[in-house]
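The structure under discussion appears below in the form of structure tokens.
The values are calculated or read from the model by the stated rules, or taken from the named source; none is laboratory data. All values reported here derive from a predicted model rather than from experimental measurement. Glycine also receives a Cβ, built like all others from the backbone with ideal geometry; neighbour counts cover every protein chain displayed.
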Amino acid sequence: MSSAEHLVRHHKLQTDRAISLAYARLKASPGEQSVFTELLRAARDRTPRLLTAPLCDGRHAGVEALFNLARYAGAHIRSIDAWRGSEASWHAAVGALSQHLVSKYRVPQFLASAWYAVEGPYSDPKRRWFITHAAGVRFRSLDLPVRMTRKMEDIFLASDDHLSIEAAMRRAELLALGGSDDFVNAVLKTRAGADLAQAEFWRTVWQFLIVNGDAIELAQVGPIVDCVDAIRHEPIAVETPDGIIMRGPLQPSFSIKGRTPRSMLRLMRDWHQSLATRGESVSWQPSRLRPLSFEEAGDEPEATLSWHLTELTSSAELRAEGAVLHHCVASYSQRCARGMSQIWSLRVRSATRLRSVLTVEVDPRSRAIVQARGLRNCPASGKARRLLEAWAEREQLSLGI
């Protein structure tokens with residue numbers, strides 16, 4: 001059996017498992033289970049590409065969309081039988097099917113991601129936003145985590161199809177506040193880029209960074225955001241004689257009011273130094289992603305370079321990585337321990353030394369590479385970027401950087 005045939009067979013088995021799981025999850029709702037059966041039949045007969053969708057966090061995106069559309073059967077305004085099907089890609093097919101079933105008015109394609117969104121704080125709210133907006137209600141009038149102006153709404157509804165709803169909302173906010181495209185991209189690479197909690201606080205931070213854009217280099221935007229996020233929101237693991245205990249964030253009432261660009265940069269530097277000396281000792285299990293090795297031959301044997309992409313699985317490794325590349329990856333240990341992030345280090349070995357080149361963050365829920373930072377937070381480029389792209393393709397990860 002060829003590798004291609006093996007992949008097809010494996011995907012079919014995973015699809016069948018996802019369908020069985022969906023039926024089990026709908027067991028208590030026979031009516032919704034019946035609707036799921038109709039939707040599955042329609043997908044197989046009229047939109048087979050919908051079932052070729054990838055697995056995301058262990059769930060089949062296409063089956064998940066059918067499952068959620070069945071759960072919201074009460075919002076259907078047209079019959080499943082009346083749908084003609086679609087020859088488009090799986091995500092476009094989800095958009096076409098959801099438009100047919102629940103939309104009185106057309107909605108942007110990127111909003112259809114609500115139907116296959118993985119579990120999170122906005123998974124069900126996003127589906128309700130889709131239904132209500134599709135009925136003709138202005139999006140900015142919905143119960144949203146981010147206060148939206150008319151300008152933000154216009155930018156949001158024109159978002160590219162590849163953006164998640166959270167990222168599109170953050171992008172619209174930042175652009176409407178006067179942020180440049182480069183500024184927006186820098187913020188979207190941080191945890192706060194798609195985390196819409198504490199919206200009013202973060203708006204004060206965005207306004208501060210935009211107003212002081214001339215005094216704060218673009219390369220420092222992401223690190224400042226990470227610093228503020230950590231000291232205000234992240235609990236700290238502390239090793240004591242009785243074991244590791246969790247303490248609250250360093251500055252839970254932190255405010256940007258009264259700060260200057262100089263004081264913020266000083267705060268960020270001090271925080272980075274504290275990460276290197278923090279006594280936290282935490283480890284976690286490696287992910288199922290496979291490491292990458294690549295040998296780049298030189299003109300002479302001693303000029304050969306060996307590249308290795310290796311997962312970091314302890315707080316000590318994160319501290320060492322952050323110390324070498326002068327960034328804040330050490331603050332990610334608790335996220336890794338809770339399964340919210342996976343951190344990888346791209347290293348290159350020459351005849352004389354081994355050095356870290358790039359630190360990579362993978363979001364296991366969305367199976368996406370969400371950050372890749374080199375020395376002092378420089379973005380991935382050149383050979384390192386190409387190797388990262390090859391690894392992402394091999395491991396079926398989206399590249400959101």
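Which condition number in (1) more than 18 Å from Ala167 (Cβ to Cβ); (2) under 24 Å from the mean Cα position of the chain (by Cα); (3) free of Cβ contacts under 8 Å to residues at least 24 places away in the same chain is the one that Leu142 fails? That leaves (1) as the condition not met. Across segment 374-392, not a single residue is classified as among the acidic types (Asp, Glu) and either assigned to a loop (DSSP other than H, G, I, E, B) or surrounded by 21 or more Cβ atoms within 10 Å (Cβ to Cβ) (or both). Restricting segment 43-77 to residues that are assigned to a loop (DSSP other than H, G, I, E, B) and modelled with pLDDT of 95 or more leaves a set whose member that is surrounded by the fewest Cβ atoms within 10 Å (Cβ to Cβ) is Ile77.
Only a single item in (1) under 24 Å from Ala219 (Cα atoms); (2) at pLDDT below 90 is not met by Glu295, and it is number (1).
Residue selection: Glu200 satisfies the criterion of being part of a helix (DSSP H, G or I), modelled with pLDDT of 90 or more and over 24 Å from Pro379 (Cα atoms). Of the residues Ala112, Ala92, the single one that is of a type in the set (A, V, I, L, M) and modelled with pLDDT of 95 or more is Ala112. Do the conditions hold for Leu358, that is, is it in a strand (DSSP E or B), touching a Leu at 6+ places or on another chain (Cβ under 9 Å) and closer than 21 Å to Ser306 by Cα? So Leu358 fits the description; yes. Checking each residue in segment 252-287 for being under 25 Å from Ala199 (Cα atoms), at pLDDT 90 or above and aromatic (Phe, Trp, Tyr) picks out only Phe254. Entry remark, segment 330-355: residues being closer than 24 Å to Arg232 by Cα and part of a strand (DSSP E or B) number 2 in total. A count restricted to segment 76-91 and to residues that are free of Cβ contacts under 8 Å to residues at least 60 places away in the same chain and farther than 16 Å from Ser34 by Cβ stands at 11. Could you tell me whether segment 312-329 includes any residue that is among the charged types (D, E, K, R), part of a strand (DSSP E or B) and more than 20 Å from the chain's Cα centre (by Cα)? No, every residue in segment 312-329 fails to be among the charged types (D, E, K, R), part of a strand (DSSP E or B) and more than 20 Å from the chain's Cα centre (by Cα). You will find that of Val137, Val146, the residue that is more than 21 Å from Asp226 (Cβ to Cβ) and modelled with pLDDT of 95 or more is Val137 and no other.
Here is a yes/no grid of residues against (1) out of contact with any Pro (no Cβ under 8 Å at 6 or more places or on another chain); (2) closer than 26 Å to Phe156 by Cα:
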{"position": "Gly62", "(1), (2)": "yes, yes"}
{"position": "Asp81", "(1), (2)": "yes, no"}
{"position": "Ser98", "(1), (2)": "yes, yes"}
{"position": "Arg106", "(1), (2)": "yes, yes"}
{"position": "Ala117", "(1), (2)": "yes, yes"}
{"position": "Tyr122", "(1), (2)": "no, yes"}
{"position": "Leu142", "(1), (2)": "yes, yes"}
